[in-house]
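Enquirer: Below you will find the structure I want to go over with you.
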Amino acid sequence: MPASIESLQFNGLSALALNTPDGSRAIVSLSGAQVLSWTPARDDERLYLSPDAVYDGSVAVRGGVPVCFPQFAGLGKLPKHGLVRTQPWTIAEQRAGKDYALVTLRITENDESFAVWPQQFTAELTVVIEDGRLNIELELENTGHAPFAFTAALHTYLRVREVENARLEGLHGYEYRDAADHDRIKRDSGDVLMIEDETDRVYHSVQRPLLLRDGGRSLGIHSEGFPDVVVWNPWEHRCAEMSDIPANGFRHMLCVEAAAARHKIELDAGENWVGRQSLIVL
Ligand SMILES: O=P(O)(O)OC[C@H]1O[C@H](O)[C@H](O)[C@@H](O)[C@@H]1O
């Protein structure tokens, strides 16, 4: 039996389910091109999706992998995390091979985006599942006649059993901006990153793959094209301020985001850019 792709409704959202013969499965919503679930073969769910997430399009769904473009967080005048995470995307390609399933979703400028950001662009998000691996690729093209600049991220919410027991390896020695401490620039000095309080860091120019240890299981996190890595956990107090996540939700999530946040990426007319994040069961 080859891999397969099926259309379904997920809490009222049009979505695609990707399945491989070995039993891995991912769900990708057409709203925001948001990956909402990834269950590798013989494994548990690896993405966090809040049980209190809102699906009516008024806000982004809390969890999975929201796509932030053309602005990451509050780094500019556009709405937080940009313009595409609650917009409808269309299916550009879907392909089920012997042992992989792939879908590409696409969005271009539209009245809503043009009103606040008068640029012409095509964004494509390609999701592939295969053999213990989830690859997410964001490709952006400037289809207009003038250059533009952007920041972006794949805002991946990883599911962890208990965040205080999780260990993130690979960030040792890197400089980061600590958004939870007045944007101070600091340098990571620990062998592993442990989450014991609100954490909101933009690590600059990360060259290494990362390793997340979560109890007995491990996940490799590798990005290309995206220079930065954002690590976010809202902890108890910030979690209490958000209506779309339970009070203890912060214990079961850790965002490790592939980002272009420190410097804007500039694209000339006709140019394109590609960034990728891969999650690998180890
Ligand atoms: O609540 P949201 O708009 O989805 O943003 C959630 C979080 O995203 C990023 O990780 C930022 O670094 C955080 O500062 C922000 O709070």
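Enquirer: Using only the alpha carbons of segment 4-281, determine the length spanned along each of the three principal axes and report them from longest to shortest in whole angstroms.
Expert: 46, 44, 35
Enquirer: For segment 5-156, evaluate the Debye formula with one uniform point scatterer on each Cα (no solvent term) and list log10 I(q)/I(0) at q = 0.09, 0.14 Å⁻¹, rounded to two decimals.
Expert: -0.28, -0.66
Enquirer: Which value at 222 nm does the chain reach when only helices count, each DSSP H run of 4 or more adding -39,500 (n - 2.57), with the total divided by all residues and rounded to the nearest 500 deg cm²/dmol?
Expert: Calculated mean residue ellipticity at 222 nm is -1000 deg cm²/dmol.
Enquirer: Could you tell me what fraction of 2.2 N^0.38 Å the Cα radius of gyration of segment 128-193 comes to, as a two-decimal ratio?
Expert: Normalised by 2.2 N^0.38 Å, the Cα Rg of segment 128-193 equals 1.60.
Enquirer: Residues of segment 198-217 with backbone nitrogen within less than 17 Å of a virtual label 7 Å along the Cα-to-Cβ line of Glu162, please, listed as ranges.
Expert: Label zone hits: 213-217.
Enquirer: Right, something else. What ³J(HN,Hα) values, in whole Hz, does the Karplus curve 6.51 cos²θ - 1.76 cosθ + 1.60 give for segment 76-89 when θ = phi - 60°, with x put for Gly and Pro?
Expert: x, 8, 6, x, 3, 6, x, 10, 10, 6, 10, 8, x, 10
Enquirer: What are the ³J(HN,Hα) couplings of segment 231-242, residue after residue, when phi is run through the Karplus curve with 6.51, -1.76, 1.60 and θ = phi - 60°? Round to Hz, x for glycine and proline.
Expert: Karplus values, whole Hz, x for Gly and Pro: 10, 9, 9, x, 6, 4, 6, 5, 4, 5, 7, 9.
Enquirer: First measure r as the distance between the Cβ atoms of His263 and Glu224, then evaluate 1/(1 + (r/R0)^6) with R0 = 22 Å and state the FRET efficiency to the nearest 0.05.
Expert: Using R0 = 22 Å, I get an efficiency of 0.85.
Enquirer: Given the Cα-Cα distance of Ala92 and Thr122 and 0.36 nm per residue of separation, how much length would full extension add, in nm?
Expert: Between Ala92 and Thr122, full extension yields 9.7 nm more.
Enquirer: Give the total of Lys-Lys pairs in the chain with Cα-Cα distances below 30 Å; include a pair only if its members are 8 or more places apart or on different chains.
Expert: Lysine pairs meeting the criterion: 5.
Enquirer: Then there is this: Per residue of segment 261-274, in order, report the coupling 6.51 cos²θ - 1.76 cosθ + 1.60 (Karplus, θ = phi - 60°) as ³J(HN,Hα) in whole Hz, putting x for Gly and Pro.
Expert: Computed from phi, the couplings for segment 261-274 are 10, 5, 10, 5, 9, 9, 10, 6, 3, x, 7, 10, 9, 10 Hz.
Enquirer: Measuring from a point 7 Å past the Cα of Gln9 along Cα-to-C-beta, which residues in segment 53-69 have an amide N at less than 18 Å?
Expert: What the label zone holds, given the 18 Å backbone N cut-off, is 54-58.
Enquirer: At each listed q (0.10, 0.11, 0.12, 0.20 Å⁻¹), what is the log10 of I(q)/I(0) that the Debye formula gives for segment 122-253 modelled as equal alpha-carbon point scatterers?
Expert: Relative scattering, expressed as log10 I(q)/I(0), comes to -0.39, -0.47, -0.56, -1.34.
Where a number appears in this text, it was derived from the coordinates with a stated rule and is not lab data. Note that the structure is predicted; figures quoted are calculated from it, not measured. Note that we place each Cβ from the backbone using ideal geometry, even for glycine, and neighbour counts take in every protein chain shown.
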